[in-house]
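The values are calculated or read from the model by the stated rules, or taken from the named source; none is laboratory data. Remember, it's a predicted structure, so these values are computed and weren't measured experimentally. Cβ: placed from backbone, ideal geometry, glycine included. Neighbour counts: every protein chain shown. Protein only, heavy atoms only, side chains kept; ligands, DNA and RNA dropped before computing areas. Shrake-Rupley method; radii C 1.70, N 1.55, O 1.52, S 1.80 Å.
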Protein chains: 2
Amino acid sequence: MEAVFKALADKSRRELLDQLHKSNGQTLGELCDYLDMTRQAVTKHLALLESANLVVTVKRGREKLHYLNPLPINEIYMRWIGKFEQQRVQALHNLKQAIEEKNE
Amino acid sequence: MEAVFKALADKSRRELLDQLHKSNGQTLGELCDYLDMTRQAVTKHLALLESANLVVTVKRGREKLHYLNPLPINEIYMRWIGKFEQQRVQALHNLKQAIEEKNE
DNA sequence: GCAACATGCAACCAAACGGTTGCATGTCAA
DNA sequence: TTGACATGCAACCGTTTGGTTGCATGTTGC
């Protein structure tokens, strides 16, 4: 959970997830094309995403294929964001009531 | 957007949001009770949350009241997480296939 | 008015972060 | 087999981050 939030905090890593979203199962080399940094830097980002369980990798010969795992993001939504989301409706309701009361 | 992700990356800040979720409109002093750090550190965290527009503050006399703003989190869900969520089923299918291919 | 209280501001510090360079390892293809 | 290719590993480095301490400012209530 903590790892997922940390992983999502970086723009480059979100970009990588975006690319995998567009085309799943890309190699390290392919993913490097999208980011303006060295391969080693991209490796580090991918390692972090993998340790957060946001991407899963499979080795194929000398290549390493990267697959997106959307479950942790779903988890975050269910356990964390949904809670606040739920309150949003309540907050809007409260606001509506406050305005109505004011108009009386 | 970037600011929101960065703000959510820290456990203490998520804890603060949680506390505001439980009881909205708390003062700095009250929020300090929940975290094991100095008031100044909490101030910094709240400033970051405020600059990410996740909390809104109102001054009342010598106190500062903190209110949760759930809209940015909703934004993240709508623009970012929802996209991955949608793909979830498809991605699981792809992953399953990739693993099967590997086992051959 | 003044003492206690709630918060603000700034300098400082260690650790984590995001990136680099250099080199090693493993795999494919001719 | 050997050279090119895809990736792995480790040391290093500037900047950001999360926290501290010390002091300043504004507000309340007696």
How big is the C-alpha Rg of the stretch A:1-92 next to the rule-of-thumb value 2.2 N^0.38 Å, as a ratio? 1.23
Chains B and A: buried accessible surface, both sides, probe 1.4 Å, rounded to 100 Å²? 3200 Å²
Efficiency of FRET from Cβ geometry, A:Lys22 and A:Arg62, R₀ 35 Å, rounded to 0.05: 0.90
The percentage of the accessible area of the stretch A:1-75 (probe 1.4 Å, all protein chains present) made up of carbon and sulfur atoms, to the nearest whole number, is 49 percent
Per residue solvent-accessible surface (Å²) - the stretch A:1-50, probe of 1.4 Å: 50 Å²
